[in-house]
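The values are calculated or read from the model by the stated rules, or taken from the named source; none is laboratory data. What you are looking at is a predicted structure, and each value in this text was computed from that prediction instead of being measured. Heads up, the Cβs are rebuilt from the backbone with ideal geometry, glycines too, and the neighbour counts pull from every protein chain shown. What goes into the accessible areas is simple: the full protein's heavy atoms, side chains included, and nothing from ligands, DNA or RNA. Shrake-Rupley method; radii C 1.70, N 1.55, O 1.52, S 1.80 Å.
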Amino acid sequence: MIYQRSSALFTAAQKVIPGGVNSPVRAFKAVGGDPIFVKEAKGAYLYDEDDNRLIDYINSWGPMILGHAHSPVVNAVVEKAKKGTSFGMPTEIETQIAELAVSMVPNIDKIRFVNSGTEACMSAVRLARGYTGKDKIIKFAGCYHGHSDSFLIQAGSGAVTFGSPNSPGVTKGTAQDTLLARYNDLENVAQIIESNKGEIACIIIEPVAGNMGCIPPAKGFLEGLRTLCDAHDILLIFDEVMTGFRLAKGGAQELLGVDADIVTFGKVIGGGLPVGAFAARAEIMNHLAPLGPVYQAGTLSGNPLAMAAGLAMLTELNTSPEIFKSLAEKTEYLHNGIEKVLQHHKITHTINRVGSMISIHFAKDAVVDFDTAALGNNDTFKKFFHGMLDNGIYIAPSAFETWFITEALTYEDLDFTIAAVDKVAGSL
């Protein structure tokens, strides 16, 4: 494929935008070459500035669960925009989407909307600290909760891709209050709690990790975290920015049967617009200003366009729960097809999948945490990425990201993708 216009646009962008991009992974530094500039998208397909059509497996990193430019979402935004784009005052639609979200998700009474997943996770941790009166938090190596200072300690995803999981600019004091645990290692978490008795406000975790590739929780792991938190008066935070409203109507809590104390959302909940949210039981959420002492605010929080997009998206998912079954079936079909091809070509690999999240790791052993994810062959991944791109398939330009499946994908698209893997595997 030809990418002349994308290359020219990237050259121009680098003169006025750091690295030419507004989020680092987009720069293709991990895989080489110039990033693709998108002109438009519809359904399961991207159309770039050179008029190439690509089957999309990142789907704006998760939100486009029903496909790009999904008519109910687009129409809701257009109609709302005609009445004004921002007020900085309460609107009825904020209550409507809040009521719907609370009805869909287990174990939450109240929800507050913000503008990004980063903001949601940052606010959730502040709320946990304010509610418990304790300062320290536990996070897991390879889990990414946005770029707030507390979270940039072995943060996975883009941080790992660029080899700087501990970002300059994060103070020593902040780092000291962030305790790092191993994903899927309950004993390690118990040891950290024992060494910091009475000091830990919360444990924050991606219940299904998506920023070191897709990594499911081991059997009993989340249940064990719940038990530890109950025993030590620690709040359990599920970062469901990726999994919320994607793995099930009620997200990972519903799918996996484990309740968190605070849940954060993003991506799907905004229908593709910049939205995040955090939610909990009333007794916890009532510690937020103006009811309580924990301050959190945002000029554009609850923006009417974003709320309109999110409400349209959640309404369709709520009224058509069969979508989640269909997505899981398509993802399983893709998994089985790719597995068969890679085995045929004797390519060392392992594939992880939960619901409509899937990732291919070019590693011989099971990928269960940050350390095992890092053992994947990155040179093989680079060849695989560019080979798939040359065959009209767009996957994440990082070995540390999950693929997101959209309902807009047809089985013909999946067969085309599996055939592309077959072509590429022959040259790996």
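Below are the figures for this structure:
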{"read-out": "Those residues of region 1-20 which are under 22 Å from residue 381 (Cβ atoms), in a loop (DSSP other than H, G, I, E, B) and either at pLDDT 95 or above or out of contact with any strand residue (DSSP E or B) (no Cβ under 8 Å at 6 or more places or on another chain) (or both), in sequence order", "value": "1"}
{"read-out": "Residue in region 4-16 that is among the β-branched types (Val, Ile, Thr), open to solvent by 30 Å² or more (accessible area, probe 1.4 Å) and touching a helix residue (DSSP H, G or I) at 6+ places or on another chain (Cβ under 9 Å) present", "value": "yes"}
{"read-out": "Verdict on residue 352 being in a strand (DSSP E or B) and more than 18 Å from residue 422 (Cβ to Cβ)", "value": "yes"}
{"read-out": "Qualifying residue in region 403-417 (condition: farther than 30 Å from residue 3 by Cα and crowded, with 21+ Cβ neighbours inside 10 Å)", "value": "no"}
{"read-out": "Considering residues of region 138-160 that are open to solvent by less than 10 Å² (accessible area, probe 1.4 Å) and closer than 15 Å to residue 237 by Cα only, the residue modelled with the lowest pLDDT", "value": "151"}
{"read-out": "Residue in region 410-425 that is at pLDDT 95 or above and outside any helix (DSSP H, G or I) present", "value": "yes"}
{"read-out": "Sole residue being open to solvent by 30 Å² or more (accessible area, probe 1.4 Å) and under 21 Å from residue 59 (Cα atoms), chosen from 327, 311", "value": "311"}
{"read-out": "Residue among 194, 187, 283 that is under 26 Å from residue 366 (Cα atoms), part of a helix (DSSP H, G or I) and among the acidic types (Asp, Glu)", "value": "187"}
{"read-out": "Matching option when the condition is open to solvent by 30 Å² or more (accessible area, probe 1.4 Å), of a type in the set (A, V, I, L, M) and not in a loop (DSSP other than H, G, I, E, B), among 236, 255, 222", "value": "255"}
{"read-out": "Qualifying helices (runs of 4 or more DSSP H) (wholly inside region 21-137; at least 3 residues being over 19 Å from residue 310 (Cα atoms), open to solvent by 20 Å² or more (accessible area, probe 1.4 Å) and touching a residue at least 60 places away in the same chain (Cβ under 8 Å))", "value": "117-132"}
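Let's see how each residue does on (1) of a type in the set (A, V, I, L, M); (2) buried (at least 21 other Cβ atoms within 10 Å of the Cβ); (3) at pLDDT below 95:
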position	(1), (2), (3)
364	no, no, yes
367	yes, yes, no
381	no, yes, no
401	no, yes, yes
